[in-house]
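Worksheet: the structure to be examined is printed underneath.
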């Protein structure tokens, strides 16, 4: 999937644990794990809003786009 | 008793009533072939006026093959009913079973329609009989409708499964 989740990195920067974030956001740890592992097919705006609020960051800090075909451009990590 | 249990029991009943036919039919035909003079078994099939000829054997084989198709469809439907009972409605297994049920029923109905068409051509004696109420033709047409319905159901389950997976993976 060309959408990359940088949640682990943001969590490490904030010195916060996944369990803590799940509690603040109000989602299960299993769902947070799905999000972190990149298996999620969609993220609700309400969830994204809660995560950004809890981590005091922008959606762009958590999500990044990496094109599978480098000639098409896009940020690659 | 809920509707799922009732459905499963109905199919179980039909299935177990058909098992003896599947098991004993080939043996019975073999017995009639081996002992043409026997009088114990009266085989109620056409073309046996002058003994059990090749035509009668062909008819029996065709009839049995089509019956096996129906039986296979019923077997798949029984598995599907079992999955419904276990509440596994949205699974790849349900998609597979409903597709197989539809394929077997459709094949059986189409084959039978062709079979009775050919059979009526061979046995045409200048008379046309009309059956009012539920005739063989009507029942086979209904079986064809059920077969196609199961194929559509399989497609619907496939789409539902994809939507469910997407919903499950939405955070």
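Evaluation of residue B:149 against the conditions (1) under 15 Å from residue B:73 (Cα atoms); (2) over 14 Å from the mean Cα position of the chain (by Cα); (3) crowded, with 17+ Cβ neighbours inside 10 Å shows that the sole unmet condition is (3). Inspect all residues belonging to the range B:133-143 and state whether any of them is outside any helix (DSSP H, G or I) and loosely packed, with under 12 Cβ neighbours inside 10 Å. Scanning the range B:133-143 turns up at least one residue that is outside any helix (DSSP H, G or I) and loosely packed, with under 12 Cβ neighbours inside 10 Å. Scan the range B:80-89 and tell me whether some residue there is surrounded by 12 or more Cβ atoms within 10 Å (Cβ to Cβ), away from chain A (no Cβ under 14 Å), touching a residue at least 24 places away in the same chain (Cβ under 8 Å) and closer than 28 Å to residue B:26 by Cβ. Yes - at least one qualifying residue is present in the range B:80-89. Screening the range A:28-44 for residues that are more than 10 Å from chain B (Cβ to nearest Cβ) and closer than 25 Å to residue A:68 by Cα and picking the one that is modelled with the highest pLDDT gives A:37. When the residues of the range B:152-171 are narrowed to those that are away from chain A (no Cβ under 14 Å), within 30 Å of residue A:30 (Cα to Cα) and touching a residue at least 40 places away in the same chain (Cβ under 8 Å), which ends up surrounded by the fewest Cβ atoms within 10 Å (Cβ to Cβ)? Only one residue tops the list, namely B:160. Selection over the range A:1-27 of residues that are exposed (fewer than 12 other Cβ atoms within 10 Å of the Cβ), in contact with a helix residue (DSSP H, G or I) (Cβ under 9 Å, 6 or more places away or on another chain) and within 14 Å of chain B (Cβ to nearest Cβ) gives a count of 1. Scanning the range B:15-36 for residues that are exposed (fewer than 12 other Cβ atoms within 10 Å of the Cβ) and either modelled with pLDDT of 70 or more or assigned to a helix (DSSP H, G or I) (or both) returns B:16, B:17, B:19, B:20, B:23, B:24, B:27, B:30, B:34. Check the range B:157-166 and report whether any residue there is part of a helix (DSSP H, G or I), modelled with pLDDT under 95 and touching a strand residue (DSSP E or B) at 6+ places or on another chain (Cβ under 9 Å). Yes - at least one qualifying residue is present in the range B:157-166.
The values are calculated or read from the model by the stated rules, or taken from the named source; none is laboratory data. Computed from a predicted structure; not experimentally measured. Glycine gets a Cβ as well: all are built from the backbone with ideal geometry, and neighbour counts include every protein chain shown.
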